[in-house]
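Inspection log for the structure reproduced underneath, given as structure tokens.
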Amino acid sequence: MSASPVRVAIVGGGIGGLAAAAFLHRAGIPSVVYEQAPELREVGAGLVLAPNAVRLLRRLGAMDRLTEHAVPLEVGWEFRRWEDGRVLSAEDLVGACERLYGERTYTVHRADLLDAISSAVPSGAVRLGRRCTSVTVRADRAVVAFADGTSAEADVVIGADGVHSTVRGAVTTPTPATSSGICAFRALVPAEHAPAFARRRAQTLWLGPDHHLVHYPIRGGAVVNLVAIAPAGDGTAESWSATATVAEFLAEFADWDPRLRELIQAAGTPGRWALLDRRPLERWSHGPLTLLGDAAHPMFPFFAQGAAQSIEDAAVLARCIAQDPQAPVDALRRYESLRIARTARLQEVSHARAHVNHLPDGPEQEARDAALADADPLVANGWIYAYDAEAEVSAASV
């Protein structure tokens, strides 16, 4: 525990920002979260929580709240062929995750994850309706200005304000985003309207030419979450609030297995937004400012690690500040050095996966499908799931 008077301001009250506040609180360091929305809520739908994130949430004491609604997966990486649903490969996760990594893999609605993390944040630590408009550095401190004309001074400012981060502009000059040529559809289907194959405690990935679709249950199995990747149309926005129609969603999968089309047909209004391409940043920190989560390393969703990496960032950042609260600038440099290579690697492998998933039918696709049948992704991705973010900080300090 730290008795330091270091003042920490967190811009953004999403998963990463609240996780930072929770881990700082656990380390004895108070912080204030400034969130632009009038209430705490996560837009979007479901996500997968792998062991590398779950072990950190357990240390926060958030798992009891989380498991009220989270679904422990029994089957993962169930790859199916687009036209007939033939199973190409599947991984039995029952017992395997815990045996290898000490934790299970869960699926969860983003709002339920946010609620669980919020339970570890002290009351009064979050200020709502505070939209950050600029951040300036004065000597060794920073001043955050808000749209309502108020401001806050802090020894450390953490930019957890997402892919369109305002704080990032005060830290570095990022390269402009470029079009990836693909977009994401997201939708929710009530379980009672979903085909039986989609209600199982399984993470299923349908692969086809230029497209793929993932589905799994969330909300205790009451809802099926859909995420589909397709070619981007003109004018598709990079926004969680952008929507499409079920007809547009269906049109992308017109010739696919009828059972999958039945699942899409039962969806509510789907979201649809562009996936823009961003290269890894060369630095995340500048003096008393640093970045966390999507503000630092936005990544394609193909390894299901976006939220997990935000949680890892938060755990490492809190440890670094707690170890040296009288020298926060040094702590931020250490945080960046511990995190930047890992997150850049995940950005890169996620980017490369789009090509593999979307191969047209032919020799390359046949070779991919044969490789999937022989693969053990739970073991192959051990570099992701076995990683203990807090242990890495301790090892680096020795």
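Rank S89, I29, S119 by how far each Cα sits towards the positive end of the charge dipole of the stretch 1-141 (+1 on Lys, Arg Cβ; -1 on Asp, Glu Cβ) and give me just the farthest. The Cα lying farthest towards the positive end belongs to I29. Pair-distance distribution P(r) for the stretch 171-234, from all Cα-Cα distances in 10 Å bins starting at 0: 19, 38, 23, 15, 5 percent. Residue separation of L100 and F197 scaled by 0.36 nm, minus their Cα-Cα distance, works out to 32.2 nm of gained length.
Computed over the alpha-carbon atoms, the stretch 78-141 gives an Rg to Rh ratio of 1.25, Rh here being the Kirkwood radius from the mean inverse distance.
Rounded to the nearest 20 debye, the dipole magnitude of the chain is 1040 debye, with +1 charges on Lys and Arg beta carbons, -1 on Asp and Glu beta carbons, and the Cα centre as origin. Extents of the stretch 269-343, largest first, come to 50, 21, 20 Å (Cα atoms, principal axes, whole angstrom).
Each Cα pair under 8 Å and six or more residues apart adds its separation to the average, and for the chain the resulting relative contact order is 22 percent. Using the Cβ of V316 as centre and a radius below 11 Å, the other residues enclosed give a net charge of -2, where K and R count +1 and D and E count -1.
Helix 328-357 and the longest principal axis of the Cα set of the chain meet at an angle near 10°.
Since only L292, I321, F302 are under comparison, the one whose Cα sits farthest along the positive direction of the charge dipole of the stretch 230-342, derived from C-beta charges on Lys, Arg, Asp and Glu, is I321.
For the stretch 138-260, the Stokes-Einstein estimate of translational diffusion at 25 °C and a viscosity of 0.890 mPa s comes to 135 µm²/s, using the Kirkwood hydrodynamic radius over alpha-carbon pairs. Net charge around V189, counting only other residues with Cβ within less than 13 Å of its Cβ (Lys, Arg = +1; Asp, Glu = -1)? Net of charged neighbours comes to +3. Using Cβ point charges alone (K and R +1, D and E -1), the dipole size of the stretch 17-107 about the Cα centre works out to roughly 340 debye. Relative to the 2.2 N^0.38 Å rule of thumb, the chain has a C-alpha radius of gyration ratio of 0.98. Between the stretch 168-231 and the stretch 82-153, the C-alpha centres lie 17 angstrom from each other. Put a plus charge on the Cβ of each Lys and Arg, a minus charge on the Cβ of each Asp and Glu, and nothing anywhere else: the dipole of the stretch 241-323 about its Cα centre is then about 280 debye. At the listed q of 0.13, 0.18, 0.20 Å⁻¹, the Debye profile of the stretch 1-148, built from one uniform point per Cα, gives log10 I(q)/I(0) equal to -0.71, -1.06, -1.20. The share of alpha-carbon pairs in the stretch 160-205 lying farther apart than 17 Å comes to 62%. Comparing W256, W284, W206 in a Gaussian network model of the chain (Cα springs below 10 Å), the most mobile by mean-square fluctuation is W256.
Given N residues in the stretch 239-398, what is its alpha carbon radius of gyration divided by 2.2 N^0.38 Å?
Taking the Cα Rg and dividing by 2.2 N^0.38 Å, one obtains 1.33.
For the chain, set up a Gaussian network in which alpha carbons nearer than 10 Å are linked by springs, and say which option among F197, F23, F300 fluctuates the most. Residue with maximal mean-square fluctuation among F197, F23, F300: F197.
Over the chain, dividing the summed -39,500 (n - 2.57) contributions of all DSSP H runs of at least 4 residues by the number of residues returns a 222 nm mean residue ellipticity of -10000 deg cm²/dmol. Taking the chain as a Gaussian network of alpha-carbon nodes connected by springs under 10 Å, the highest mean-square fluctuation of the residues A53, A170, A196 belongs to A196.
Bear in mind these aren't lab numbers, they're just calculated from the coordinates by the rules spelled out. What you see is a predicted model; the values in this text were computed from it and never measured. Note that we place each Cβ from the backbone using ideal geometry, even for glycine, and neighbour counts take in every protein chain shown.
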